[in-house]
Amino acid sequence: MRCSVVGGGAWGTALADLLARAGHHTTIWAREPDVVVAINEQHENTRFLRGAALDKRLEASNVMDVAIAGAELIVYAAPSHVLREVASSGAGDVAPRAILVVATKGIERDSLAIMTGVIRESVPNRPVVALSGPSFAMEVAQRQPTAVVAASENGDAAAFVQNAFSADSFRVYTSDDIVGVELGGALKNVMAVATGVVEGLGLGFNSRAALITRGLAEMVRLGTAMGARPSTFAGLAGIGDLVLTCTGALSRNRAVGIEIGKGKSLADVLATKETVAEGVVTARGAAALAKRHGVEMPIVDCVQRVLFEGFAARDAIGELMRRELRAEED
């Protein structure tokens, strides 16, 4: 079938390569002209996924209507802070029966919408599926065994996406808990920034394990307040993605946290990064969502204060440890 991927970063490129290798006629839209040229001529995204050989049948374009017109499956993988703009710009060219996949993880800053909500508003009246789980783009492109979740309120659409992406090295499960799967993918990035800060401060494995575990508790707390099932956070889009992003050497969010823990300012850290660390973008939205729903998320609160309010990282650790004593379970 005809497939399109909107977003020429590492993750969008890896997903486009998966679809092309499965035999689907796949076009990836990228804003950057050099990315388009490199994919079409060198069969490699030398800017965002250097070293990964891409299927030679994969095509790239920086013209939106060329990339998405007539596609039966459209995957959105643009960064969260530009997803609405990018999706809206091509909404008129989306086929009436297209199934839309959201591979972006985050919370929109102003509306506090999850990413499937952004796509529903930008490209209405199509089935929407969230794709999330523990999946570094480079390892997917290298065809290392990976498992993710396709979540939708439309079971047929989730199964369609499952079949489209599944391969010997890429296993897709389905779920109907779209809120839980999306929040798991978004909030784990904030927790990865926090674990990076812990590492940057020179703290050890005890501290990291405690932070990951209590971070998961916060994710479950907000998720259930928003209608998600607690069990979703025990799966691939919850604990699976959380552990990967908090401990993996390829994690951009963890890398940002490490530099912050070492004393660098957020501005200085981001100035050296071309790719987006979604945990930075999501921290404020997560804190605002917690406030809206009356949910305590002390780790999220500390992360956004450290990132944006000049709160010292070591003082944040002390504040978390001195909180009022309580039972482990809510």
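Below, the figures for the structure above:
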{"item": "For peptides 203-212, 296-305, 318-327, sequence by mean Cβ density within 10 Å, most packed first", "result": "296-305, 203-212, 318-327"}
{"item": "Amide H contacts under 5 Å for Met297, placed H, 5+ residues apart", "result": "none"}
{"item": "Karplus 3J(HN,Hα) series, Hz, for the range 188-200 with 6.51 cos²θ - 1.76 cosθ + 1.60 (x for Gly, Pro)", "result": "4, 5, 5, 5, 5, 4, 4, 5, x, 4, 4, 5, x"}
{"item": "Too-long pairs where the Cα-Cα distance tops 24 Å, listed order kept, from Lys105/Lys291; Lys188/Lys264; Lys56/Lys105; Lys262/Lys291", "result": "Lys56/Lys105; Lys262/Lys291"}
{"item": "Placed amide H near Val75: partners under 5 Å, 5+ positions off or other chain", "result": "Ser4, Val5, Val6, Val101"}
{"item": "Positive-end residue, the chain charge dipole about Cα centroid, Cβ charges, pick of Gln144, Met64, Ala271", "result": "Ala271"}
{"item": "Rounded if a/c under 1.5, otherwise prolate or oblate - the range 2-176, Cα gyration tensor axes", "result": "rounded"}
{"item": "Residues in the range 69-91 reached by a label modelled at Glu153 [backbone nitrogen below 11 Å; 7 Å Cα→Cβ]", "result": "none"}
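The numbers here are math on the coordinates, done by the rules we state, and not lab data. Fair warning: this is a prediction, and the values are worked out from it, not measured in the lab. Using ideal geometry, Cβ is built from the backbone for each residue, glycine included, and neighbour counts are taken over all protein chains shown.
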